[in-house]
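The values are calculated or read from the model by the stated rules, or taken from the named source; none is laboratory data. Remember, it's a predicted structure, so these values are computed and weren't measured experimentally. Note that each Cβ is placed from the backbone with ideal geometry, even for glycine, and that neighbours are counted across all protein chains shown. The protein model used for the area step is the full one, side chains on, heavy atoms only, and it has no ligands, DNA or RNA in it. Shrake-Rupley method; radii C 1.70, N 1.55, O 1.52, S 1.80 Å.
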Amino acid sequence: MIKVLMYHRIVDDEQLCRAHWTCVHVSDFRRQLEWLERSGFTPITFEDYRLARAGELNLPRKPVILTFDDGYLDVYQNAFPLLREYGTKVVIFALGDLQIRTNVWDQSIGLPAAPLMEGYHLLELHAAGFEIGAHSLTHAQLTTLSDEDAWEEISRSRILLEILLNSPVRSFSYPYGG
């Protein structure tokens, strides 16, 4: 069984970390990466898992998948340097509509606006070996949409990210986990 750890934001603001579970302090994140390494876990991507299922790749003894939902800029600023330092692969789930610049969906739960990554950030992460997955077009609550509108959110996000990356996008994370 492969464990999947879901993150959202890696921040340097202690108060923000206490305010909501989606925010992990950068020093705590470093400790978590150190613990994973000491415990023998090896981060992989969903693409690695797909290749292993097809018999094209052998998985490490203790694989783990680290994911980051929403494509927050602070993940690029705070997590990316640590991930490079530890040689850690992760999956970033980004919105397909890159014109959405902040987390408007979090304001209803009292979190302040936070910037999202732009296309060039995703390109740099992709070039560094990180998997970029789709997280819908606009972060819509898919379970409240018609089948056609939900399909549009899902398929257009993948297509737009594939155009940006010039690479297949094979993984998807539902907004709000629904």
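So which residues in region 159-178 are open to solvent by 60 Å² or more (accessible area, probe 1.4 Å), in a helix (DSSP H, G or I), within 14 Å of residue 70 (Cα to Cα) and not small (Gly, Ala, Ser)?
If the condition is that a residue be open to solvent by 60 Å² or more (accessible area, probe 1.4 Å), in a helix (DSSP H, G or I), within 14 Å of residue 70 (Cα to Cα) and not small (Gly, Ala, Ser), then 176 is the only one that fits.
A quick yes/no check of all residues on (1) open to solvent by 40 Å² or more (accessible area, probe 1.4 Å); (2) out of contact with any helix residue (DSSP H, G or I) (no Cβ under 9 Å at 6 or more places or on another chain); (3) farther than 21 Å from residue 174 by Cβ:
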{"site": "2", "(1), (2), (3)": "yes, no, no"}
{"site": "12", "(1), (2), (3)": "yes, no, yes"}
{"site": "19", "(1), (2), (3)": "yes, yes, yes"}
{"site": "25", "(1), (2), (3)": "no, no, yes"}
{"site": "34", "(1), (2), (3)": "yes, no, yes"}
{"site": "37", "(1), (2), (3)": "yes, no, yes"}
{"site": "42", "(1), (2), (3)": "yes, no, yes"}
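Could you count how many residues in region 101-129 are buried (at least 22 other Cβ atoms within 10 Å of the Cβ) and farther than 24 Å from residue 152 by Cα?
1
Considering region 137-149 alone, what residues qualify as being within 20 Å of residue 71 (Cβ to Cβ) and out of contact with any Lys or Arg (no Cβ under 6 Å at 6 or more places or on another chain)?
138, 139, 140, 141, 142, listed by residue number.
Scan region 42-50 and give yes if some residue there is in a loop (DSSP other than H, G, I, E, B) and closer than 14 Å to residue 5 by Cβ, otherwise no.
Yes, because at least one residue in region 42-50 is in a loop (DSSP other than H, G, I, E, B) and closer than 14 Å to residue 5 by Cβ.
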